[in-house]
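S.K.: I have a structure here, written as structure tokens, and I will follow up with some questions on it.
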Amino acid sequence: MKNICILLSGSGTNLQNIFENIKDGKIQNAKINLVIADRECFALERAKNLGLKSILIKRGKSFTEELLNAIPENTDLIVLAGFLSILNKEIFNKIYVPIINIHPALLPKFGGKGMWGNNVHNAVLENNETESGATVHFVTQEVDEGEIILQKSFKLIEDETTETLAEKVHKIEYEIFPKAIQQILNSEK
């Protein structure tokens, strides 16, 4: 059984999706061993409702140390599911399991610091892009620059809004995130 530690900051819809995909067997031989939030958020309530162990580690001077101490030793994969804190160099020097992230755009476009949520969708629309989508990638010290694992796109419609774009991207996230997790867990024999 592979252990997945999920880090998040928001409502936890990707957490819910991952949990349901494990339960349905689409992500095989896996369980969520801990949910870590970096701020008060609905995802903590969602984790509780799903019967998952969760903790809150607020950002501050000791954040990295507390995060390193909290991640269970038996963790096989760390999943950033809407996690807004940027991991620093110390994390990568002490964590030796894959860390993956879901990004609401087609990287390498619209990635980097400040590019999350509606900021990304607004940038896509302001740049008159013809397509958008979501990307699952490995996390590295450079924000949103890790190797792409899975990516899926769709064409934008003429009267696309931030809201319609966000909704379409979420649907793609729910589709490709579990596939990427299964792929990584299967490659880590």
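The values are calculated or read from the model by the stated rules, or taken from the named source; none is laboratory data. Just so it is clear, the structure is predicted and the values come from calculations on it, not from any experiment. Cβ placement follows ideal geometry from the backbone for every residue including glycine, while neighbour counts extend to all protein chains displayed.
S.K.: Restricted to the range 155-174, and to residues that are surrounded by 15 or more Cβ atoms within 10 Å (Cβ to Cβ) and in contact with a strand residue (DSSP E or B) (Cβ under 8 Å, 6 or more places away or on another chain), which residue is farthest from residue 80 (Cα to Cα)?
M.R.: 156
S.K.: Residue by residue through the range 108-152, note down the ones that are surrounded by 18 or more Cβ atoms within 10 Å (Cβ to Cβ) and within 19 Å of residue 183 (Cα to Cα).
M.R.: 134, 135, 136, 137, 139, 146, 149, 150, listed by residue number.
S.K.: Among (1) modelled with pLDDT of 95 or more; (2) surrounded by 13 or more Cβ atoms within 10 Å (Cβ to Cβ); (3) assigned to a loop (DSSP other than H, G, I, E, B), which single condition is residue 84 missing?
M.R.: So the condition that residue 84 fails would be (1).
S.K.: Does the range 17-35 hold any residues that are touching a helix residue (DSSP H, G or I) at 6+ places or on another chain (Cβ under 8 Å), closer than 16 Å to residue 180 by Cα and without any contact (Cβ under 8 Å) to a residue 40 or more places away in the chain, and which are they?
M.R.: 31, 32
S.K.: May I ask you to list the residues in the range 87-130 that are under 23 Å from residue 61 (Cα atoms), in a helix (DSSP H, G or I) and either of a type in the set (Lys, Arg) or free of Cβ contacts under 8 Å to residues at least 12 places away in the same chain (or both)?
M.R.: Those that are under 23 Å from residue 61 (Cα atoms), in a helix (DSSP H, G or I) and either of a type in the set (Lys, Arg) or free of Cβ contacts under 8 Å to residues at least 12 places away in the same chain (or both): 89, 93, 94.
S.K.: Which residues, taken from the range 142-173, are assigned to a helix (DSSP H, G or I) and farther than 12 Å from residue 104 by Cβ?
M.R.: Result: 163, 164.
S.K.: Return the residues of the range 48-58 that are assigned to a loop (DSSP other than H, G, I, E, B) and exposed (fewer than 15 other Cβ atoms within 10 Å of the Cβ); say none if nothing qualifies.
M.R.: 51, 53, 58 - these are the residues of the range 48-58 that are assigned to a loop (DSSP other than H, G, I, E, B) and exposed (fewer than 15 other Cβ atoms within 10 Å of the Cβ).
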